[in-house]
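Engineer: Sharing a structure below in structure tokens format, with a few things to ask.
The values are calculated or read from the model by the stated rules, or taken from the named source; none is laboratory data. Nothing here was measured: the structure is a model prediction, and the numbers come from that model. A quick note on method: Cβ atoms are made from the backbone with ideal geometry, for glycine too, and the neighbour counts reach across all protein chains shown.
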Amino acid sequence: MDFAEARATFCTPRTGPVADPAAAATPARRLRDALEPLAMVTVWSEPAADRAAAAGLDFLAGYVGGRASALGDVPGTLVASTFAVFEPDLAGGLWDRARASCSVAQLQQGRERAGTEALRAALADVGESGVDEVDVDGVVDTLRAGLAAADLMGRPLFAGMWALPWPDEAYGRLWHATSLLREHRGDSHVAACVAAGLDGIEANVLTELWVGFDLLEYTSTRGWSPEAMDAAIGRLRTRGLLDGPPDHTVLSDEGRRLRAGIEDATDLAQQPIVDLIGDALDRTVDALATWSEAVVTRGWFPPDPYKRAAG
């Protein structure tokens, strides 16, 4: 999949009524949703596309190669385990393709530079004169203070990023801080799904229905075969987590309770970070949300609120 195909698939605004996934968001969830486009600008932006193309990588290989490079020179099976809801052979194979084209150091450097360049460009669009580096550094300082409470245990992608040096430039530090927070929550969420007895497809199905997608609308973009997805739906129905006819499958009451419990567990894992940010949370979230909107307006992150909530 090239960048044009990816944007055509994911960057089209959703039509019709849209339920707001953030309507009852907790502080931890508000923080995560506010920073998501900033962290993922290394996937969707023109600087990311240009750097991937220069390295001989398409959209998916650039995404997996860049994000997984924080793990170091590891086998594809380890990458697949951390990407969780992706079909394992797809995730591992994309990593192998990326590694055939670039060293781990090149993937890491390219990702950092893409994040720096993209945020510098996107934040120049905010207000009359853009966002000053002093403002960026103030938010980064707040996020770094919160990250002092971040636990490494059971969080491989976060731990890998934690070991990397902080970028020299303010916009690079903003990308790095938001990426650290994203990976910390993502690793925590995967652990909560495992504890709930879910595999990758099952976790994705419950999330897409919880967010507002139609059944398999999101799961089908993660490389799973129709047979594997059908089998997973059957297992979820057997557990009593899905309800309704095949053409209108929804979460059952038990499915909603289980998925809400996963969200609660994920939030709980972020609470020490939120507590350290303290009274600065609201203004920090407001700044991050404003800057993220500039990224979305640029076309460098999907405008669909369901996509952000399911990321």
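Engineer: Since D135 meets every condition but one in (1) in a helix (DSSP H, G or I); (2) closer than 21 Å to M161 by Cβ, which condition does it not meet?
Structural biologist: (2)
Engineer: If only one of L241, L209 is closer than 30 Å to Q271 by Cβ, in contact with a helix residue (DSSP H, G or I) (Cβ under 7 Å, 6 or more places away or on another chain) and either acidic (D, E) or modelled with pLDDT of 95 or more (or both), which one is it?
Structural biologist: None of the others qualify; the one that does is L241.
Engineer: Now a separate question. For L78, all conditions in the list (1) farther than 19 Å from G160 by Cα; (2) out of contact with any Gly (no Cβ under 7 Å at 6 or more places or on another chain) hold save one; what is the number of the exception?
Structural biologist: (1)
Engineer: Name the helices (runs of 4 or more DSSP H) wholly inside the range 250-311 in which the number of residues that are out of contact with any strand residue (DSSP E or B) (no Cβ under 8 Å at 6 or more places or on another chain), without any contact (Cβ under 8 Å) to a residue 12 or more places away in the chain and surrounded by fewer than 17 Cβ atoms within 10 Å (Cβ to Cβ) is 2 or more.
Structural biologist: Qualifying helices (runs of 4 or more DSSP H): 253-277, 281-297.
Engineer: Within the group A177, A195, which residue is over 18 Å from the mean Cα position of the chain (by Cα), modelled with pLDDT of 95 or more and not acidic (D, E)?
Structural biologist: Working: A177 fails: over 18 Å from the mean Cα position of the chain (by Cα).
Testing whether each residue is over 18 Å from the mean Cα position of the chain (by Cα), modelled with pLDDT of 95 or more and not acidic (D, E) leaves just A195.
Engineer: Assigned to a loop (DSSP other than H, G, I, E, B), within 30 Å of T116 (Cβ to Cβ) and either touching a helix residue (DSSP H, G or I) at 6+ places or on another chain (Cβ under 6 Å) or not charged (D, E, K, R) (or both): which single residue out of A145, A159, A150, A177 fits that description? Give the steps one after another, and end with the answer.
Structural biologist: Details: A145 fails: assigned to a loop (DSSP other than H, G, I, E, B); A159 fails: assigned to a loop (DSSP other than H, G, I, E, B); A177 fails: assigned to a loop (DSSP other than H, G, I, E, B).
Criteria check complete, one pass: A150.
Engineer: Follow-up. Return yes or no: is E183 closer than 25 Å to T284 by Cβ, within 18 Å of the chain's Cα centre (by Cα) and among the acidic types (D, E)?
Structural biologist: For E183, the condition - closer than 25 Å to T284 by Cβ, within 18 Å of the chain's Cα centre (by Cα) and among the acidic types (D, E) - is met.
Engineer: A further question on this structure: Are any of the residues in the range 216-237 within 17 Å of A84 (Cβ to Cβ), assigned to a helix (DSSP H, G or I) and among the aromatic types (F, W, Y)?
Structural biologist: No: zero hits.
Engineer: Is it the case that W210 is in contact with a Leu (Cβ under 6 Å, 6 or more places away or on another chain), under 28 Å from T26 (Cβ atoms) and assigned to a helix (DSSP H, G or I)?
Structural biologist: Against the criterion (in contact with a Leu (Cβ under 6 Å, 6 or more places away or on another chain), under 28 Å from T26 (Cβ atoms) and assigned to a helix (DSSP H, G or I)), W210 does not qualify.
Engineer: Would you check which residues across the range 74-106 are farther than 21 Å from G200 by Cα, free of Cβ contacts under 8 Å to residues at least 40 places away in the same chain and part of a helix (DSSP H, G or I) and list them?
Structural biologist: Within the range 74-106, R99, A100, V104, A105 meet the criteria.
Engineer: Out of contact with any Ser or Thr (no Cβ under 8 Å at 6 or more places or on another chain), closer than 25 Å to S292 by Cα, in contact (Cβ under 8 Å) with a residue 40 or more places away in the chain and not small (G, A, S): which single residue out of T207, T221 fits that description?
Structural biologist: Values: T221 fails: out of contact with any Ser or Thr (no Cβ under 8 Å at 6 or more places or on another chain).
It is T207.
Engineer: It is to be established whether one or more residues within the range 56-65 are farther than 20 Å from T290 by Cβ, of a type in the set (F, W, Y), under 18 Å from the mean Cα position of the chain (by Cα) and assigned to a helix (DSSP H, G or I). Working first, answer last.
Structural biologist: Applying the first criterion (farther than 20 Å from T290 by Cβ) to the range 56-65 yields 56-65.
Retained after the next criterion (residues that are of a type in the set (F, W, Y)): 59, 63.
Still in the list and also under 18 Å from the mean Cα position of the chain (by Cα): 59, 63.
Keeping just the survivors that are assigned to a helix (DSSP H, G or I) gives 59, 63.
Yes; the residues of the range 56-65 include at least one that is farther than 20 Å from T290 by Cβ, of a type in the set (F, W, Y), under 18 Å from the mean Cα position of the chain (by Cα) and assigned to a helix (DSSP H, G or I).
Engineer: Moving on to the next point. Taking only the range 170-185 into account, find how many residues are within 24 Å of A6 (Cα to Cα) and either without any contact (Cβ under 8 Å) to a residue 60 or more places away in the chain or in contact with a His (Cβ under 8 Å, 6 or more places away or on another chain) (or both).
Structural biologist: Selection size over the range 170-185: 0.
Engineer: Scanning the range 249-303 for residues that are in contact with a Pro (Cβ under 7 Å, 6 or more places away or on another chain) and among the β-branched types (V, I, T), which turns out nearest to A48 (Cα to Cα)?
Structural biologist: Looking at the filtered set, the residue picked out is V295.
Engineer: Can we say D125 is in contact with an Asp or Glu (Cβ under 6 Å, 6 or more places away or on another chain), of a type in the set (D, E) and farther than 22 Å from V194 by Cα?
Structural biologist: no
Engineer: Which count do you get for residues in the range 240-249 that are more than 28 Å from H184 (Cβ to Cβ) and in contact (Cβ under 8 Å) with a residue 12 or more places away in the chain?
Structural biologist: Residues in the range 240-249 being more than 28 Å from H184 (Cβ to Cβ) and in contact (Cβ under 8 Å) with a residue 12 or more places away in the chain: 4 in total.
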